Amino acid sequence: MAGVSRLQYSTEIRLIRVMCSGRVDLEFILRAFSNGMDGVFIGGCRLNECNYITHGNYDALNMVLLCKKIMEHIGLNPERLSIEFMSSGEGILFTEIVDNFCNKIRKLGQLGKSEEIDEDELKSKLAEVRKLIPYIKIVKRNKLESRLENEEEYDGFFTNDEIDRLFSEVVSYYIAPDKCQACMICRRRCPVEAISGGKNRIHVIDQDKCIKCGTCLEVCPPRFDAVNKISGKPVPPPIPEEERTIVRKSKKNERNPFTD
């Protein structure tokens, strides 16, 4: 069950409770905040009591711990996000927990105002983070797949320094013009169509569209080795449009040193 509860004082909370809490993606939470929700609540089965044997509630927990640190990084109060575990038969407990969370959000007020963040600035920050979600998942894959058995592990699982580095050391991908053979493999495989080019046309990555997933690097044929992974320095400017045509030598016009 997922829905929006409109409270007094124009405060809005999104209650996210799906068939499996493991299906709640980082994108869902950040999208809710981008849409003006003042708080997000996720309810899941008790840990070690997964109905589907997938134990997706551990995935949800790790994702929430990561998201809370990201919220701190962009200046949002992490208390606006909450995850709780309970069984389907604990209706009274569910009501108490949700009521307490709603009261907390009422006290915090509208998103961004108590944090003194301008509305446009907040939207911009959330948009930048959402764009990097695939990259974040790749970089933090091992931690996101971990199982935290003790609550004592929650606080230090993701650190502020770790999140600061995550965003300060974001990688970029660049196609070297002198190596690109216009095979179009990376262009076809890019999940967001961020690569332009065509037959006999040097391919170029649109850095504004790129989500840092690394697919282009993975699929570029090793014999070409055209895609570079860049970290800690700016990406070279794209080659001008008029210089992107690849002029291939004709075999008939090639001189044979053994016959000439």
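Read the figures in this text as sums done on the coordinates, not as results from a lab. These numbers come from a predicted model, not from an experiment. Quick reminder, even Gly has a Cβ in these numbers, built from the backbone with ideal geometry, and neighbours come from all protein chains shown.
Given all pairs of different Cα atoms, what value in angstroms does the Kirkwood hydrodynamic radius of segment 97-161 take? Could the numbers behind the result be given before it?
Values: mean 1/r = 0.0665 Å⁻¹.
Kirkwood radius, segment 97-161: 15.0 Å.
If you split all Cα-Cα distances of segment 65-200 into 10 Å bins from zero, what percentages do you get per bin, shortest first?
Binned Cα distances yield the sequence 9, 27, 29, 21, 10, 5, 1.
As I understand it, the value is the acute angle between the Cα axis of helix 91-108 and the longest principal axis of the Cα atoms of the chain; what does it come to in degrees, rounded to 10?
That works out to roughly 70 degrees.
Quick one: helix 56-73 against the long Cα principal axis of the chain, what's the angle to the nearest 10°, folded into 0 to 90?
80 degrees
Most fluctuating residue of GLY56, GLY36, GLY89 in a GNM of the chain with Cα springs under 10 Å: which is it?
GLY89
Please work out the FRET efficiency for the pair ASN150 and ASP99, using the Cβ-Cβ distance as r and a Förster radius of 22 Å; give the result to the nearest 0.05.
Details: r = 27 Å, r/R0 = 1.24.
For ASN150 and ASP99, the calculated efficiency is 0.20.
So how strong a dipole does the chain carry about its Cα centre when Lys and Arg Cβ are +1 and Asp and Glu Cβ are -1, to the nearest 20 debye?
Details: 40 positive and 40 negative charges, 334 e Å.
In debye, rounded to 20, the chain gives about 1600.
Which are the unpartnered cysteines of the chain, meaning those with no other cysteine Cβ under 4.7 Å from their Cβ?
CYS20, CYS45, CYS50, CYS67, CYS102, CYS180, CYS183, CYS190, CYS210, CYS213, CYS220
Which of the following values of volume of the Cα convex hull per residue in Å³ was calculated from the structure shown: (1) 122; (2) 170; (3) 180?
(3)
Can you give the relative contact order of the chain as a percent, counting alpha carbon pairs under 8 Å and 6+ residues apart? Don't jump to the answer; show the numbers that get you there.
Working: 350 pairs, mean separation 40.0, N = 260.
Result for the chain is 15 percent.
For the chain, find the longest principal axis of its Cα atoms and tell me its angle to the long axis of helix 119-131, 0 to 90°, nearest 10.
The helix 119-131 is inclined about 60 degrees to the chain.
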